[in-house]
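The structure appears right after this line, and notes come after that.
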Amino acid sequence: MKNIWQQILRYLYIGKKDKSSPNTTSVKLMHGMNRISILVFLFALIVFAIKMIFFRHHH
């Protein structure tokens with residue numbers, strides 16, 4: 001589980017880069033797509049939280 005969080009931090013440029021990982025074009029593209037996916041997911045969570053907080057309907 002610790003490795004998953006380290007990888008996410010690396011995708012977001014927060015963690016240290018792994019020196020043993022391959023540095024090919026396809027790996028760079030994969031990491032780029034993963035980075036975009038994580039950012040879109042975080043954006044969706046923020047939008048969802050804002051909607052839940054400010055747009056609650058009381059029935």
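Pairs linking a residue in the range 26-55 that is in contact (Cβ under 8 Å) with a residue 24 or more places away in the chain to a residue that is in a helix (DSSP H, G or I), with Cβ atoms under 8 Å and 6 or more positions apart or on different chains, are R35/Y11; I38/I8; I38/Y11. In the range 1-39, the qualifying residues are those that are surrounded by fewer than 10 Cβ atoms within 10 Å (Cβ to Cβ) and part of a helix (DSSP H, G or I), and the one that is modelled with the lowest pLDDT is K2.
The values are calculated or read from the model by the stated rules, or taken from the named source; none is laboratory data. What you are looking at is a predicted structure, and each value in this text was computed from that prediction instead of being measured. Because the Cβ atoms are built from the backbone with ideal geometry, glycine has one as well, and the counts that use them run over all protein chains shown.
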